[in-house]
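A.B. asks: I'd like to ask some things about the structure below.
The values are calculated or read from the model by the stated rules, or taken from the named source; none is laboratory data. Since the structure is predicted, the reported quantities are computational estimates derived from the model, not experimental observations. A quick note on method: Cβ atoms are made from the backbone with ideal geometry, for glycine too, and the neighbour counts reach across all protein chains shown. Surface areas here come from the heavy atoms of the whole protein model, side chains and all, with no ligands, DNA or RNA. Shrake-Rupley method; radii C 1.70, N 1.55, O 1.52, S 1.80 Å.
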Amino acid sequence: LNEAVYQVLDGITRRTGRLTKYLKFIDMGNVQLRKMNRTYLKRDAAISKVLEDYYPQLLGTMFVANSPGWLSAFWSMLRPFFPKRLVEKIDFLPTNKKSKSMKYPKAVLRYISEEHLPERYGGKNQEWPMPCAGRMYSA
């Protein structure tokens with residue numbers, strides 16, 4: 001899946017002449033540390049590393065929504081060890097456990113229009129699950 005995303009971005013970059021970066025939006029609602037598949041995480045990290053070698057600096061921004069408290073604490077401890085340019089790309093959004101519909105800061109709306117942002121994140125898009133972006137760009 002990551003390779004397909006990078007190919008779409010590469011195609012857009014070549015057509016427009018402008019470097020196209022991607023936004024990663026991770027919703028960690030209902031994630032529990034003991035139930036995480038470590039084999040998958042290791043494999044995903046290895047694939048991401050290889051793709052980063054082929055397509056450097058394509059991550060524009062990463063938003064992490066509904067993150068558990070342990071992840072925020074873990075990130076706070078590790079943050080000083082990462083390059084500043086990477087740290088600036090990662091943004092943990094405030095968690096609102098009382099409401100299923102979230103209203104996120106203007107930082108999200110800077111990248112995703114309110115009409116395309118799903119309702120569950122405070123936008124107006126009622127379609128869920130979201131359509132496959134790759135199909136929109138394939139010829």
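A.B. asks: Examine segment 112-126 for a residue that is on the phi < 0 side of the Ramachandran plot, touching a His at 6+ places or on another chain (Cβ under 9 Å), at pLDDT 85 or above and open to solvent by 60 Å² or more (accessible area, probe 1.4 Å), and state whether such a residue exists.
C.D. replies: Among the residues of segment 112-126, at least one is on the phi < 0 side of the Ramachandran plot, touching a His at 6+ places or on another chain (Cβ under 9 Å), at pLDDT 85 or above and open to solvent by 60 Å² or more (accessible area, probe 1.4 Å), which makes the answer yes.
A.B. asks: Next question. Looking at LEU19 and the list (1) in a loop (DSSP other than H, G, I, E, B); (2) modelled with pLDDT under 85; (3) open to solvent by 80 Å² or more (accessible area, probe 1.4 Å), which single condition is not satisfied?
C.D. replies: Failed condition: (2).
A.B. asks: If you check ILE26 against the conditions, is it outside any loop (DSSP other than H, G, I, E, B) and within 13 Å of the chain's Cα centre (by Cα)?
C.D. replies: yes
A.B. asks: Specify the residue that is nearest to LEU86 (Cα to Cα); the eligible residues are those in segment 1-23 that are polar (S, T, N, Q) and more than 14 Å from the chain's Cα centre (by Cα).
C.D. replies: Among those that are polar (S, T, N, Q) and more than 14 Å from the chain's Cα centre (by Cα), it is THR20.
A.B. asks: For segment 24-40, enumerate the residues that are surrounded by 11 or more Cβ atoms within 10 Å (Cβ to Cβ) and either farther than 23 Å from ARG85 by Cα or not charged (D, E, K, R) (or both). Walk me through it before giving the result.
C.D. replies: Start the filter on segment 24-40 by keeping residues that are surrounded by 11 or more Cβ atoms within 10 Å (Cβ to Cβ), which leaves 24-29, 31.
Hits for segment 24-40 are PHE25, ILE26, MET28, GLY29, VAL31.
A.B. asks: Please list, ordered by first then second residue, the pairs with beta carbon atoms under 8 Å, 6 or more apart or interchain, first in segment 28-51 and over 19 Å from PHE63 (Cβ atoms) and among the hydrophobic types (A, V, I, L, M, F, W, C), second modelled with pLDDT of 80 or more and open to solvent by less than 60 Å² (accessible area, probe 1.4 Å).
C.D. replies: Hits for this filter: LEU33/PRO68.
A.B. asks: If you go through segment 71-89 one residue at a time, do you hit one that is open to solvent by 50 Å² or more (accessible area, probe 1.4 Å), modelled with pLDDT under 80, more than 15 Å from the chain's Cα centre (by Cα) and of a type outside the set (D, E, K, R)?
C.D. replies: The answer is no, given that none of the residues of segment 71-89 is open to solvent by 50 Å² or more (accessible area, probe 1.4 Å), modelled with pLDDT under 80, more than 15 Å from the chain's Cα centre (by Cα) and of a type outside the set (D, E, K, R).
A.B. asks: Moving to a separate point now. Name every residue in segment 1-16 that is within 30 Å of GLY69 (Cβ to Cβ) and open to solvent by 80 Å² or more (accessible area, probe 1.4 Å), in order of residue number.
C.D. replies: LEU1
A.B. asks: Looking at segment 41-63 only, could you name the residues that are farther than 17 Å from LYS21 by Cβ and open to solvent by less than 70 Å² (accessible area, probe 1.4 Å)?
C.D. replies: Those that are farther than 17 Å from LYS21 by Cβ and open to solvent by less than 70 Å² (accessible area, probe 1.4 Å): ASP44, ALA45, ALA46.
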